[in-house]
Amino acid sequence: MSNALFMVGEQRSGSNLLRVMLGQADEIAAPHPPHILERMMPLLPIYGDLEHQDNFVTLVDDVCRLIERNPVAWENIARFDRDEVMSRCRQNSLVAVFGAVMDMYAEANGKEKWLCKSMTYIKYAKELDAYFGDPKYIYLYRDGRDVTLSFTKAVIGDKHPYVIAQKWAELQRLCLSEQAISPHQVYGVCYEELTAEPEPVLRGLCDFLGIAFKPEMLDGHLSSEAQRTASS
C-alpha cells in the first residue's frame, strides 16, 4: 500500500480543518502545502530535458527553495539536503522530486504516511497513480455557493462568482470521475457533515485510510500546526 495520501476537490471547502485533524494521527504527516505540482508543472518546459543532470539539479533546488520559503514553515525540516532528495527519486521527474520531499518530511516527523492537501492535484491523478502505485484520495466537497462566498472574502483566489463556480464545477467533475473509475482509491467527505458530526465522519475516513482514529483529531483546530497556519 502506498504511503501517499491526497486531499482533492476545491479550496475553501474545509481542507485546512481536515488537514490539521488528520495531522493528529500517529501515522500521518500533513504539512501546509506549497502547491509544488500546481506551481511547477507549467514551468517544466523552461528546465529542458530532465535526463540532463544539470537541468534536474536545478529543478530539485527550485522545489526545495519553494518549500523552504512556504508561508507556513514545515516542522522539523528547515532545509532540504538536495543530494538526498535526488538520491530518493526513482526517475528524473517533478512528481519524483515531490514524492522525495514528502517522504523526507514524514520521516523527519516520525510518521509513516503523508498527506498533501493541494486540492487541485486531482488534475494529475494519472501521473500520481503511475508513480505512487495505489495512493488514496480524500475527495472533500462543499456546497458550491458557500465555496464561492468564501473565496470572495479570502485573501487568495478568484473573486468573480462566475469564475469561481466554473473552477469549482470542473474540479468536482474530475473528482467524481476518478471516484467512479477507482472507488477503492477515492473516499468522499462532505464538509457540512464533517462539521455537523465530526467523529463518525472521521472514523469512517480513518477506516478507509487504514489508520487508527484518535479523539485528539476532534481538537485539531487547537493544534500548534493550526495556530501557526492561522497566524500566517
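The values are calculated or read from the model by the stated rules, or taken from the named source; none is laboratory data. Just so you know, these numbers come straight off a predicted model, no measurement behind them. Cβ atoms come from the backbone with ideal geometry, glycine included; neighbour counts cover every protein chain shown. Note: accessible area is taken over every heavy atom of the protein model, side chains too, but ligands, DNA and RNA are not part of it. Shrake-Rupley method; radii C 1.70, N 1.55, O 1.52, S 1.80 Å.
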Filtered residues of the stretch 181-232 (kept if small (Gly, Ala, Ser) and farther than 23 Å from Gly144 by Cα):
Ser182, Gly204, Gly210, Ala212, Gly220, Ser223, Ser224, Ala226, Ala230, Ser231, Ser232
With the checklist (1) open to solvent by 50 Å² or more (accessible area, probe 1.4 Å); (2) free of Cβ contacts under 8 Å to residues at least 40 places away in the same chain in hand, flag the one item Phe56 doesn't pass.
(1)
Report, by residue number, each residue of the stretch 76-116 that is within 17 Å of the chain's Cα centre (by Cα) and either surrounded by fewer than 14 Cβ atoms within 10 Å (Cβ to Cβ) or at pLDDT below 95 (or both).
Glu112
Expected single match for outside the structural domain of Lys123 (by the TED database), open to solvent by less than 20 Å² (accessible area, probe 1.4 Å) and touching a residue at least 40 places away in the same chain (Cβ under 8 Å) among Val8, Val20, Val63, Val72 is Val72
Answer yes or no as to whether Gly157 is surrounded by 15 or more Cβ atoms within 10 Å (Cβ to Cβ), at positive phi and out of contact with any strand residue (DSSP E or B) (no Cβ under 6 Å at 6 or more places or on another chain).
yes
If only one of Lys167, Lys214, Lys126 is closer than 30 Å to Gln91 by Cα and at pLDDT 95 or above, which one is it?
Lys126
Exception for Glu193 within (1) closer than 18 Å to Arg142 by Cα; (2) in contact (Cβ under 8 Å) with a residue 12 or more places away in the chain; (3) not basic (Lys, Arg) falls at (2)
With of a type in the set (Asp, Glu) and either touching a Gly at 6+ places or on another chain (Cβ under 6 Å) or within 30 Å of Pro215 (Cβ to Cβ) (or both) as the only criterion, which of Glu75, Glu51, Glu84 stands out?
Glu75
Enumerate the pairs (first residue in the stretch 136-148 and touching a residue at least 40 places away in the same chain (Cβ under 8 Å); second residue anywhere and surrounded by 23 or more Cβ atoms within 10 Å (Cβ to Cβ) and acidic (Asp, Glu)) with beta-carbon separation below 6 Å, excluding pairs fewer than 6 apart on the same chain, so at least 6 apart or on different chains.
Val147/Glu10
When the residues of the stretch 180-220 are filtered to those that are surrounded by fewer than 17 Cβ atoms within 10 Å (Cβ to Cβ) and small (Gly, Ala, Ser), which remaining residue is farthest from the chain's Cα centre (by Cα)?
Ala196
Thr152 being under 12 Å from Ser13 (Cβ atoms), of a type in the set (S, T, N, Q) and not in a loop (DSSP other than H, G, I, E, B)
no
Which residue out of Leu171, Leu140, Leu128, Leu149 is open to solvent by less than 50 Å² (accessible area, probe 1.4 Å), out of contact with any Gly (no Cβ under 7 Å at 6 or more places or on another chain) and assigned by the TED database to the domain that holds Ile211?
Leu128
